[in-house]
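Below you'll find the structure, written out as structure tokens, and then a few comments.
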Amino acid sequence: MDPSDHRHQAPPPQWSQPVESAETRDLHRRIDELEQQVETYEALLRDLPELFERKFQQRLDPLIERYRLLAEQTGQPALLNSDAEPTVGGNVVRFPSFRLPGFLKRQRSV
């Protein structure tokens, strides 16, 4: 066989059928389990905002009720009215604005 012969062709490859070992089956099974676990976590992540909103509302409701009762007892008008529909310029609860600590302000300006 002459290496300079351009008419030479390599024989077609003879692919053997892959033999699936027990280890390979176990790895495929583990991959399937992990993919299913990831899907479960993704579903939980989709539900997370609604869950936080419900928990926040559950904790906020008693505070609003106490505030309403306190306003009634002192004769002051209630600023929060849970029965009223939210309107522009209506019942608004304002929280204090967040202020960065001094050392963070210096780092951001650099």
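Overview of values
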{"item": "Residues of the range 1-27 satisfying the condition of being exposed (fewer than 10 other Cβ atoms within 10 Å of the Cβ) and either assigned to a helix (DSSP H, G or I) or modelled with pLDDT of 90 or more (or both)", "result": "ALA22, GLU23"}
{"item": "Evaluation of LEU104 against (1) surrounded by 10 or more Cβ atoms within 10 Å (Cβ to Cβ); (2) at pLDDT 75 or above; (3) among the hydrophobic types (A, V, I, L, M, F, W, C) (one fails), failing number", "result": "(2)"}
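The values are calculated or read from the model by the stated rules, or taken from the named source; none is laboratory data. Quantities reported herein were computed from a predicted structural model and do not represent experimental measurements. For neighbour counting, all protein chains shown are included, and Cβ atoms are generated from backbone atoms with ideal geometry for every residue, glycine included.
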